[in-house]
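What follows is a short report on a single structure.
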Amino acid sequence: VSIPFALSLRDGRAAGLFWDNPARQIWDLGQTQLDEWKLTAASGDIDLYLFVGPTVPEVVGNYTRLTGRIPMPPRWALGYQPCRYRYETAARVEEVAQRFRQRKIPCDVLYLDIHHMDGYRVFTFGKGFPMATELMKRLRSDGFRVVTIVDPGVKDDPRFGVLNRGLEVDAFVKNADGTADFIGEVWPGKARFPDFLRAETRAWWGREQAALTRQGVAGFWNHMNAPSNFARPDKTLAPEAIHRTEHGTLPHVEAHNLYGMQMARASREGSLAAAPDQRPFVITRATYAGGQRDAVVWTGDHSSTWDQLRDSVQMLLNLGVSGVAFCGGNVGGFPDNTTPELFVRWMQFAAFTPFFRNHSHLGTTDQEPWALGPTVEAIIRRSIEQRYQLLQLYYCLVAEARETGAPIVRPLFWHYANDPIAVARGDQFLVGRDLLVAPVLEQGSVARAVYLPNETWYDFWTDERIEGGCHHLAEAPLDRIPIFVRGGAILPLIGAAQNSESQDLCEVTLNVWPGLNDGFVWYEDDGETQAFDQGDWHRRRIRLARQGQRLILTLGAASGPRASKVQVWRVILHGIPGKARVSVNGERMDVVRMPENRMIALDIPNSSGEIRIKYGPA
Ligand code: GLC
């Protein structure tokens with residue numbers, strides 16, 4: 001992934017610099033001279049954009065206004081997604097699927113890596129997957145979506161239809177002299193590389209991909225699109241290989257960083273052509289600035305080590321402030337054997353990342369949630385369930401990211417740019433505005449220091465109130481990841497279920513902690529079609545304000561033609577010790593005090609008009 005964009009922060013003031021040039025670049029940011037940035041590129045134009053904030057959200061908002069924002073994904077894309085290199089038969093995939101359901105571990109998406117293909121020929125199913133359409137149907141009826149890997153290298157086999165149809169439209173990257181196709185080598189052996197910079201190639205690729213859609217494949221895992229080529233020491237295409245674009249020809253060395261992005265674009269456009277009403281789901285390993293418009297980005301093959309878990313946190317935060325709001329990692333690590341402890345800590349963290357997918361290499365320790373014993377399984381089930389409880393929050397945050405470019409998972413400096421300690425902490429993050437997560441990143445740790453910026457916080461697990469502006473030592477036994485909520489937080493939770501589509505919104509628990517909140521936008525739509533784009537959505541702003549001794553939680557009047565699925569808001573008011581007085585739209589309400597004694601609950605039937613809940617000590 002190459003995104004030539006940088007953010008600078010000085011005394012809380014942010015600015016951004018984007019050099020729109022896909023050629024190889026070197027950014028020396030104070031490495032040689034402390035106060036100097038030195039940018040060099042091997043070729044290309046000097047198209048520089050400077051974004052003057054002064055806030056971080058403004059800089060990233062403007063950068064994404066220029067380069068694009070994420071599309072609305074299908075809701076199921078926010079669910080849990082296990083993947084493994086080496087499920088060689090349909091029977092094995094079905095066995096894994098059944099295990100998820102038997103063991104009551106929520107799961108939405110299953111992945112097929114290269115073994116599903118016929119001799120690694122792209123867009124085919126091989127001997128291990130004889131009746132692919134029926135397999136997809138069975139898995140679908142059990143609530144799973146299937147995503148297949150799609151590598152760009154097309155096997156150079158004269159009997160292969162995909163290759164021949166590609167040759168008919170002259171789809172492939174050429175050798176330096178522009179006559180013959182460039183031949184490299186990937187999993188299928190000798191292969192040609194579609195020139196995704198050409199519109200004709202993208203259209204043809206989309207038509208080929210449609211064969212998978214017809215068989216019931218729900219999304220596409222665009223991989224090896226760096227692009228990878230085993231036949232050269234630099235593991236990619238020859239720098240002088242030729243791409244033909246509508247703006248003239250380009251040597252590969254200048255097109256290299258665009259290749260993965262243009263492949264993802266072909267995949268998204270092809271998905272839309274094949275099923276115009278559905279929201280495409282495409283993930284890509286390689287991309288360039290702006291690639292967030294087409295695909296989810298994951299951070300490639302991390303190994304199963306503590307160092308790489310730590311890197312993964314930073315990489316996802318960096319991607320988020322570089323426009324790629326929907327991103328994730330190879331959870332658990334790809335090469336090397338994971339350990340139970342590392343796996344638990346990685347899963348606890350990843351359950352908060354926007355794109356939540358495991359992946360592991362052939363021959364390494366299994367990483368299905370049950371593979372590392374019952375203790376690990378129980379902890380992981382709870383993490384995955386918690387993700388599903390938070391799924392509606394993630395959906396609202398995805399809708400926000402689509403509109404504003406704000407990342408779903410944010411570095412502390414997104415909201416606390418004036419606080420130098422917050423700015424420097426790359427090992428904890430915010431989910432939206434209100435939730436602060438501090439993953440455990442050290443082997444053997446049972447506690448960790450968490451920096452809480454200067455306002456009131458509550459420990460999510462115990463409701464303990466903590467004044468911020470300091471480090472706090474958080475308990476973190478193996479079954480707990482430190483989480484804090486901001487005073488003023490409004491946290492919607494829904495019931496976990498076996499997958500996202502069987503979750504209902506009938507009863508939504510709104511957890512509220514005392515403080516101020518200028519609001520988050522509650523958002524609903526049908527979760528899978530493009531109807532939202534024609535205005536078929538429902539939204540309302542939920543805010544928390546103070547009036548003297550009392551707090552006022554307001555669910556603003558709903559807008560949009562769509563009816564909400566919520567029937568009852570179960571409002572849980574935290575941080576109100578002793579007797580409380582509560583009124584809803586001016587009428588006194590009976591409340592239930594929860595056993596924890598720090599919370600009171602009330603059930604409010606939903607209505608589309610404004611709902612005002614006023615509360616405080618009696
Ligand atoms: C490469 C990829 C890995 C994938 C494997 C097989 O090693 O990096 O993610 O599983 O190829 O497709």
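Among the residues of the range 508-518, those identified as open to solvent by 20 Å² or more (accessible area, probe 1.4 Å) and either under 18 Å from residue 610 (Cα atoms) or aliphatic (A, V, I, L, M) (or both) are 509, 516, 518. Is it the case, given these coordinates, that residue 213 is more than 16 Å from the ligand (Cβ to nearest atom), closer than 23 Å to residue 298 by Cα and β-branched (Val, Ile, Thr)? Yes: the conditions hold for residue 213. Residue count for the range 530-546 satisfying the condition of being open to solvent by 20 Å² or more (accessible area, probe 1.4 Å) and either assigned to a strand (DSSP E or B) or closer than 16 Å to residue 275 by Cβ (or both): 8. Take residue 249 and decide whether it is among the β-branched types (Val, Ile, Thr) and either more than 29 Å from residue 329 (Cα to Cα) or within 13 Å of the ligand (Cβ to nearest atom) (or both). In short, yes. Within the range 223-240, residues that are within 16 Å of the ligand (Cβ to nearest atom) sit with their Cβ atoms under 7 Å from residues that are of a type in the set (Gly, Ala, Ser) and in a loop (DSSP other than H, G, I, E, B), at 6+ positions apart or across chains, in these pairs: 224/153; 225/286; 226/286; 235/228; 236/226; 236/228. When residue 527 is tested against the conditions (1) part of a helix (DSSP H, G or I); (2) open to solvent by less than 20 Å² (accessible area, probe 1.4 Å), the lone failure is (1).
Here is a yes/no grid of residues against (1) open to solvent by less than 10 Å² (accessible area, probe 1.4 Å); (2) more than 12 Å from the chain's Cα centre (by Cα); (3) more than 23 Å from residue 109 (Cα to Cα):
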{"site": "281", "(1), (2), (3)": "yes, no, no"}
{"site": "285", "(1), (2), (3)": "no, yes, no"}
{"site": "293", "(1), (2), (3)": "no, yes, no"}
{"site": "305", "(1), (2), (3)": "no, yes, yes"}
{"site": "327", "(1), (2), (3)": "yes, no, no"}
{"site": "330", "(1), (2), (3)": "yes, no, no"}
{"site": "333", "(1), (2), (3)": "yes, yes, no"}
{"site": "336", "(1), (2), (3)": "no, yes, yes"}
{"site": "343", "(1), (2), (3)": "yes, yes, no"}
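Picking from residues in the range 91-130 that are among the aliphatic types (A, V, I, L, M), more than 23 Å from the chain's Cα centre (by Cα) and crowded, with 22+ Cβ neighbours inside 10 Å, the one that is farthest from residue 141 (Cα to Cα) is 122. Counting only strands (runs of 3 or more DSSP E) that sit wholly inside the range 98-212, those with at least 2 residues that are within 20 Å of residue 238 (Cα to Cα) and at pLDDT 95 or above are 183-186, 189-192. Which one is farthest from residue 223 (Cα to Cα), of the residues in the range 1-32 that are touching a helix residue (DSSP H, G or I) at 6+ places or on another chain (Cβ under 8 Å) and open to solvent by 80 Å² or more (accessible area, probe 1.4 Å)? Looking at the filtered set, the residue picked out is 24. From the list 248, 270, the lone residue that is without any contact (Cβ under 8 Å) to a residue 12 or more places away in the chain and either surrounded by fewer than 24 Cβ atoms within 10 Å (Cβ to Cβ) or farther than 17 Å from residue 4 by Cα (or both) is 248. Per the conditions (1) without any contact (Cβ under 8 Å) to a residue 24 or more places away in the chain; (2) closer than 30 Å to residue 364 by Cβ, the sole criterion not satisfied by residue 220 is (1). Here residue 306 clears all of (1) within 16 Å of the ligand (Cβ to nearest atom); (2) over 23 Å from residue 6 (Cβ atoms) except the condition numbered (1). So, of the residues in the range 380-419 that are open to solvent by 10 Å² or more (accessible area, probe 1.4 Å), among the polar types (S, T, N, Q) and under 18 Å from the mean Cα position of the chain (by Cα), which turns out to be nearest to residue 524 (Cα to Cα)? Going through the qualifying residues, I end up with 389. Of the strands (runs of 3 or more DSSP E) lying entirely inside the range 426-503, those containing at least 1 residues that are open to solvent by less than 40 Å² (accessible area, probe 1.4 Å) and closer than 30 Å to residue 97 by Cβ are 429-431, 435-437, 490-493.
Summed over the range 268-286, the residues that are away from the ligand (no atom under 16 Å from the Cβ), outside any strand (DSSP E or B) and of a type outside the set (Asp, Glu) give a count of 11. From the list 515, 432, 488, the lone residue that is on the phi > 0 side of the Ramachandran plot and in contact with a helix residue (DSSP H, G or I) (Cβ under 6 Å, 6 or more places away or on another chain) is 432.
Within the range 214-235, the set of residues being in a loop (DSSP other than H, G, I, E, B) and surrounded by fewer than 18 Cβ atoms within 10 Å (Cβ to Cβ) comprises 216, 230, 231, 232, 233, 234, 235. Among the residues of the range 98-114, those identified as within 15 Å of the ligand (Cβ to nearest atom) and among the hydrophobic types (A, V, I, L, M, F, W, C) are 110, 112, 114. Within the range 134-173, the set of residues being over 26 Å from residue 359 (Cβ atoms), open to solvent by less than 10 Å² (accessible area, probe 1.4 Å) and of a type in the set (Phe, Trp, Tyr) comprises just one member, 172.
Conditions (1) at pLDDT 95 or above; (2) in contact with a Cys (Cβ under 9 Å, 6 or more places away or on another chain); (3) among the polar types (S, T, N, Q), marked per residue:
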{"position": "546", "(1), (2), (3)": "yes, no, no"}
{"position": "558", "(1), (2), (3)": "yes, no, no"}
{"position": "562", "(1), (2), (3)": "yes, no, no"}
{"position": "571", "(1), (2), (3)": "yes, no, no"}
{"position": "579", "(1), (2), (3)": "no, no, no"}
{"position": "585", "(1), (2), (3)": "yes, no, yes"}
{"position": "616", "(1), (2), (3)": "no, no, no"}
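Filtering 28, 35, 45 for residues that are under 30 Å from residue 250 (Cα atoms) and part of a loop (DSSP other than H, G, I, E, B) leaves a single hit, 45. Does the range 44-56 contain any residue that is touching a helix residue (DSSP H, G or I) at 6+ places or on another chain (Cβ under 7 Å), surrounded by fewer than 21 Cβ atoms within 10 Å (Cβ to Cβ) and not small (Gly, Ala, Ser)? Checking the range 44-56: at least one residue is touching a helix residue (DSSP H, G or I) at 6+ places or on another chain (Cβ under 7 Å), surrounded by fewer than 21 Cβ atoms within 10 Å (Cβ to Cβ) and not small (Gly, Ala, Ser).
The values are calculated or read from the model by the stated rules, or taken from the named source; none is laboratory data. Please read all numbers here as calculations on a predicted model, not as lab measurements. When we count neighbours, we look across all protein chains shown, and the Cβ atoms used for this are built from the backbone with ideal geometry, even at glycine. Heads up: the accessible areas ignore ligands, DNA and RNA and are worked out on the full protein's heavy atoms, side chains in. Shrake-Rupley method; radii C 1.70, N 1.55, O 1.52, S 1.80 Å.
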